[in-house]
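Bear in mind these aren't lab numbers, they're just calculated from the coordinates by the rules spelled out. The shown structure was predicted, so the numbers you read here are calculated from the model rather than taken from an experiment. Positions of Cβ are backbone-derived with ideal geometry, glycine not excepted, and every protein chain shown enters the neighbour counts.
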Amino acid sequence: MTWVGECMWKMKHTVSVALLSLVILLAAGALVGLSLKSSRTSLFEKLVISPIPESVHGIKIDQRYSFWRRLTSSGELSTYLLRFDISRGDLDRVIAFRSLTEWPSVEYTFGGVYYRLPNGKKKDIHLYWSRQRPRWFDLHEWKSFTAYYAGDEGGAKSWRRVRLLLYNERLGRAYFVKHDITGL
């Protein structure tokens with residue numbers, strides 16, 4: 001084989017390997033994307049409603065565990081935050097399915113959701129410091145929202161289960177917060 005022929009063969013081989021690598025990377029990326037989408041949808045179905053209503057799209061999820069949970073096995077503090085777009089009609093289905101009640105005293109300030117219980121006690125769920133929040137988090141920019149609540153506050157410090165649904169009708173966007181403190 002001549003020097004030119006050998007160079008041409010090496011160039012073809014290099015290009016073939018590069019193209020094959022690119023195809024493999026694209027296929028792997030597509031599979032990872034499908035896996036992430038499927039995990040978002042399955043978590044949405046588990047936490048909010050199943051099957052997912054037709055108008056729901058743009059599901060974003062963040063999950064937070066406390067430092068305390070990592071140090072001991074005796075307790076758990078977990079918070080799931082889901083943001084999604086949904087029509088008013090489908091939102092009403094979620095409200096009925098989750099047995100949520102419209103809750104007048106809910107506000108978002110300084111990285112937390114604050115609400116009052118029927119007995120007047122003020123409670124909060126800390127979500128983010130400004131640098132911690134994901135780029136898609138926009139609740140701090142909302143001018144107003146309607147809040148819906150379901151929860152078991154327990155009376156003791158050992159457990160608390162809260163479900164909050166915050167809806168901005170103008171944007172057609174909702175946040176669903178699942179906040180649990182158990183066994184501490």
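List the pairs from K46/K143; K60/K143; K60/K121; K143/K178 whose alpha-carbon separation is above 27 Å, in the order I gave them. Long pairs (Cα-Cα over 27 Å): K46/K143; K60/K121. Count Lys and Arg as plus one, Asp and Glu as minus one, and take only other residues whose Cβ is under 14 Å from that of R98; the net charge is then 0. Packing-based ranking of 160-170, 132-142, 86-96 yields 160-170, 86-96, 132-142, ordered from highest to lowest mean Cβ neighbour count within 10 Å. In this calculation the C-beta distance from L117 to M11 is compared with R0 = 45 Å, giving a FRET efficiency of 0.05. Excluding same-chain neighbours fewer than eight residues apart, the aspartates and glutamates reachable from K122 by a Cα-Cα span under 15 Å are E107, D152, E153.
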